[in-house]
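A short write-up of the structure that comes next.
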Amino acid sequence: MDNADLYRKSNSLQKRDTLLCLEDYANKIKWKIINDRVIDIGCADGSGTTMLKKYMPNNYAKLVGCDISEKMVQFANEHHGSGRTSFRMLNIEGELPEDLTGGFDHLFSFYTLHWIRDQEKAFRNIYNLLDESGDCLLLFISHGPIFDVYRILARSNKWCKWLKDVNRYVSPYHDSTEPETDVSKLMKSIGFKNIEVKCKEMMYFFDDIEILKKSVAAVNPFNMPKDIFDDFMDDYIDIVRDMQLVDEVNNNIGEKITIRHNYHIIITYASK
Ligand SMILES: C[S@@+](CC[C@H](N)C(=O)[O-])C[C@H]1O[C@@H](n2cnc3c(N)ncnc32)[C@H](O)[C@@H]1O
Ligand SMILES: CC(C)=CCC/C(C)=C/CC/C(C)=C/C(=O)O
């Protein structure tokens, strides 16, 4: 996924949940009197990073959005970079650049950590990005039907060739019966303190099939030729229908279709 403009236009679900999370948790963040240094991991187009400003003191020192995608970082700098706000490449499960280590008072990450295979490395990096007594607020998917649909398509003769690495893109907690315990134990083992982990059941309704298709396309991780992607999406939607997630209601002004999306997210607050 590196189409920043498509993601910008098709991330209402992610934006809604990020705002709900910030409304609930922003008052837990231990803001300094002045010169807070803030980092956002997995910034994508940068609009979520900019949203953070509404919940931060105005006198912050710097706000750095990071992403593994060069295209996302370039788009974010062009559209949201200014003064104390900048964007740079960083692989949160890679080696930390020296200049970032211990450099932040607060770390945020929304809808990113479920993309990460090496959870221990990523959480250790989060710990090491924080200055002493720094804190973090993280939101990521634990369980979601999108991953079940990926797995069904990966088992089909038609799509197995393009989805060979399907489990690379399934949340590490999708099959877990105790995701809260998994995350809490991992963070405790790394040395985090004041650990709060909540698994929340969420529901979101897509107003029509085309909106759902664009939302799925915006986070599509599979590399396949453009000329077969529409067919892939049609088969994707057929499986969503088979899962009884599409409600077709006939009202007096014609057929109304909504797609019900039930999923679980993990929200984590902790300090160093
Ligand atoms: C679904 S977007 C979330 C964007 C934004 N945080 C939001 O909530 O709308 C996930 C982002 O994480 C980035 N990402 C995936 N793996 C990453 C990694 N290992 N390190 C840093 N960013 C990564 C992707 O490039 C993508 O831009
Ligand atoms: C009914 C159904 C399968 C809906 C999928 C909805 C959707 C596009 C979820 C996004 C999941 C995801 C990986 C988000 C992200 O990383 O931002």
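Figures for the structure shown
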item	result
Among the listed pairs K9/K71; K62/K214; K158/K256, those beyond 24 Å (Cα-Cα)	K62/K214; K158/K256
Value at 222 nm in deg cm²/dmol, rounded to 500, when DSSP H runs of n ≥ 4 in the chain each add -39,500 (n - 2.57)	-10500 deg cm²/dmol
Selected from W162, W31, W115 as most flexible by GNM, with the chain as the system and alpha-carbon contacts under 10 Å	W162
Rg/Rg_ref, the stretch 4-271, where Rg_ref = 2.2 N^0.38 Å and atoms are Cα	1.04
Extension reserve of the N167-E98 stretch, reckoned as 0.36 nm per residue once the Cα distance is removed	21.7 nm
Relative contact order (percent, whole number), the stretch 4-271, Cα cutoff 8 Å, 6+ residue spacing	19
Computed E for S189/K9 - FRET, C-beta separation, R0 30 angstrom, nearest 0.05	0.15
Förster radius 35 Å - calculated FRET efficiency between K28 and N157 (Cβ-Cβ, nearest 0.05)	0.10
Burial ranking of peptide ranges 91-98, 221-228 (average Cβ count within 10 Å, highest at the top)	91-98, 221-228
Förster-model FRET efficiency, 30 Å R0, R16 and D247, C-beta, rounded to 0.05	0.95
Gyration tensor (alpha-carbon) shape descriptor, the stretch 193-254, a/c threshold 1.5	oblate
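Rule-based calculations on the coordinates, nothing more; no lab input. These numbers were taken from a predicted model, which means no experiment stands behind them. Every residue, glycine as well, gets a Cβ built from its backbone with ideal geometry; the counts of neighbours run over all protein chains shown.
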